Structure formats: structure tokens, C-alpha cells
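Okay, so here's the structure we're looking at.
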Amino acid sequence: MKKSQPAQKDLYNKISELISESRKHVVQNINYTILFTNFYIGKYIVEDEQQGEERAEYSKKILNGLSKKLIKNFGRGFSVDNLENMRKFFLQYSHRISATLSRKFIESSSSNSETLSRKSQKTQPLSAKSPTVSRISETPFQLSWSHYVLLLKIDNEDERSFYEIESAENNWSVRELQRQYNSSLYERVALSKNKTKVKELGKKGQIISTPTDLLKEPYVLEFLNLKEETAYTESQLEQAIINRIEIFLLELGKGFLFDSRQKRISLNEDNFYIDLVFYNRLLKCFVLIDLKIGKLMHQDIGQMQMYVNYFDRKIKGKDESKTVGIVLCKETNKTVVEFTLPEENDQIYAREYKLYLPSKKELQKLLKD
């Protein structure tokens, strides 16, 4: 007797889920092993280096010879530059490895093949109680080796920690981490905060608890491929954002969901259109964005005030927070914003956008000032 279609589908779903979970754990274990192996290679290099060799001479002579031998016996991945990265990795993160965790890895690495073979023959399902899975959950390294190679290039400890936290929480690829670093995300978020909160970025990452936590200064839209010197309309700017909405959501930051474009609101016989409407699930509020290709005018602030008032009175639910409005413009005017909005304003903001990657040194100087 043939099994019914629903039963076959249920069987497929169970097997599919098992395979997906198994592959995920395999990847996690491979990453865990690579990170700890590189950590201990770095440890051995540092210990050997401390035997008295001059730093420059050691790097030139010892690491070069070590690299050639390792590549010959173990293949690619052991260039002098990569060995130097492993050395830096140990020096930077040695405080994270407890004696217990260190012992577990050494014991795991020295297990003989017979033991490993015997364990592999036990077809127990992976679970949270599995030694392999629990070991992963204990690891202080949540990113890939490629992520850490990039992070090691960042000298500022708070900045490096910020990018590590954000990469792990937002599941950034190495490419996305590189883009966020190149666009100076740390400085742009920091410029929207006071000095106390800037310090917290390196310890906690970007915490979204108030509307101002959503903001960046400026927003970087280089991925739209619009040139500063080329004329374009607000409609063209909007369409370029829609065409790359996934990347734009990453630029907006945590918790953003796209709702609509050109959202129509009707007041008596007049129709008005909001360029872009988003929802932030962390603050539980609508976020309205109006695009301006020129300098900010007081009329732009007044128009956004109307949009925000409409959403608060007609759209948002009782359990949702107040609507946030952002006027995204080519050039802001802080004086206009200051005297157009009430002093206790916590809903409407004006921010500039750039169509190119800003100078990191320039933003660092602004942050320092």
C-alpha cells in the first residue's frame, strides 16, 4: 500500500531538517577547530619568539623557514603573513581562553583515531547535551578565521570589539564586515551618541533602546552607484534604494523591516505620499523616511511632522511606540532643525547621506573633537 503524499512530505521534512542541522554543526566544529588551532600556533610562535630573538630577525628568519615547511607538509594557509596573523590572534585574545577550555581542546586534539572512530560509530543525534555541541557553545570565538584576520587590522580596541559584536549578532559575512568597516560604521554611530554611550559601543555593540540609537551620521549609500557630480531626481534616488533594498536595510541597521514606498495618506481631498515606510521590530515603531536631494528646508521638517502625527493617530497600535521620522537629505541644517522642532523632540530627525565612502580619518577627527 502506497504512503499518502502528506506522509511522504512529513518524512522528507524530518530528514531535510536533520541534514541541515548536521551540516550546520559540522561547519561549526570545523570553524571551532580552525580557530583554536590557529590560536595555539600563535601561542607556540610567541613562546618561541620570547626565547631571545630580535623581533624583526625572528620574523624574517624563523617564520619564513617555518612557513616553507608547513606549506610543504600541510598545504596552503601557512604563509608568513598568516602565521603573523596567528601570532597577533593569540596576543589579542589570549585572555579569553580559560585553563579549562584550553585543556579540553588539547585533549580533543590529542585523541587517537581509534577513539574518534569508535565515537563516530555511535549514531546518537546531535543535541545540546552532545560534547561537540556544548564545546562549541563554550567557545569565545563566534566568527570565522577570515573575520578575525580582518578584525586584527583594527588598532582601536573599542572599535575592534564593536565590529566583532555586530558581526556575530547580525550574522555579517566577511564581505559585509569589510563594507561596514570601510563605511566607518563605528564612527558614524558614535557621532550620534554622547561620550558615555560611545564607550559602551566597544562593550555591548549597538544597543537599540531609543529612537536616537537608530541613527547614523551620515548614512552611506555608495552601493546605489549614483555619482555626486551627476544630476538625479528624488524619484531616481528612491528607485535606486528600492533596487538595492536588502543592502539599504543593512545600512539602516538592526531590526528594520520594509513596509512600503510612496505610502499615500489622504487629508480631506488632498493626497500626500511618504517616500519610504519601515518598521523597527526592536523599538516596535514605524520609521518614515523622506528623501531630499538638496539642502534641508524648514518645510521638509514640517511635512515630516505631519506624516508622523498621522501615523501616530491613525496607523500605530496601542501597544506600539511613537512613530519616528527621518528626513534623509544631501545637506542638513542644524539651525533649521533646532528652531523648527520642540526642544524635547524625540521623533523627528534630519540626517545627511553620502554617495561615497567618507574619509575615516575625517570622521575620527570629528569624533575626537
Task: Sum of side-chain charges, F311 neighbourhood, beta-carbon under 12 Å (Lys, Arg +1; Asp, Glu -1) - done: +2
Open item on the list: I need to check one value: relative contact order of region 215-361, counting alpha carbon pairs closer than 8 Å and at least 6 residues apart, in percent.
Closed with: 27
Task: Flagged links, alpha-carbon separation over 28 Å, of K60/K368; K43/K361; K43/K68; K197/K322; K203/K316; K216/K368 - done: K60/K368; K43/K361; K203/K316
TODO: Taking the Cβ of each residue in H95, H147 as the centre, tally the other Cβ atoms inside 10 Å and list the residues starting with the fewest.
DONE: H95, H147
Open item on the list: Between M297 and L282, what is the label-point separation in nm under the 7 Å Cα-to-beta-carbon projection?
Closed with: 3.5
TODO: Distance between Cα centroids, region 244-261 to region 65-85: provide it in whole Å.
DONE: 42
Task: Sites S209 and E49 - FRET efficiency at Förster radius 51 Å, r taken between beta-carbons, to 0.05 - done: 0.70
Task: With 10 Å bins from 0: P(r) over region 170-210, alpha-carbon pairs, percent - done: 27, 51, 22, 0
Open item on the list: Multiplying the sequence separation of N170 and Q364 by 0.36 nm and subtracting their Cα-Cα distance, what value in nm do you get?
Closed with: 67.4 nm
Task: Distance (nanometres) between label positions extended 7 Å along Cα→Cβ at I265 and L18 - done: 5.4
Open item on the list: Which order do the peptides 348-354, 280-286 come out in when sorted by mean C-beta neighbours inside 10 angstrom, highest first?
Closed with: 348-354, 280-286
Task: Rg and Dmax [Cα atoms of region 215-361; Å; Rg one decimal, Dmax integer] - done: 15.1, 51
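Since every read-out is calculated from the coordinates, none of them should be taken as a lab result. If you're wondering where the values come from, they're calculated on a predicted model, not measured in any experiment. When we count neighbours, we look across all protein chains shown, and the Cβ atoms used for this are built from the backbone with ideal geometry, even at glycine.
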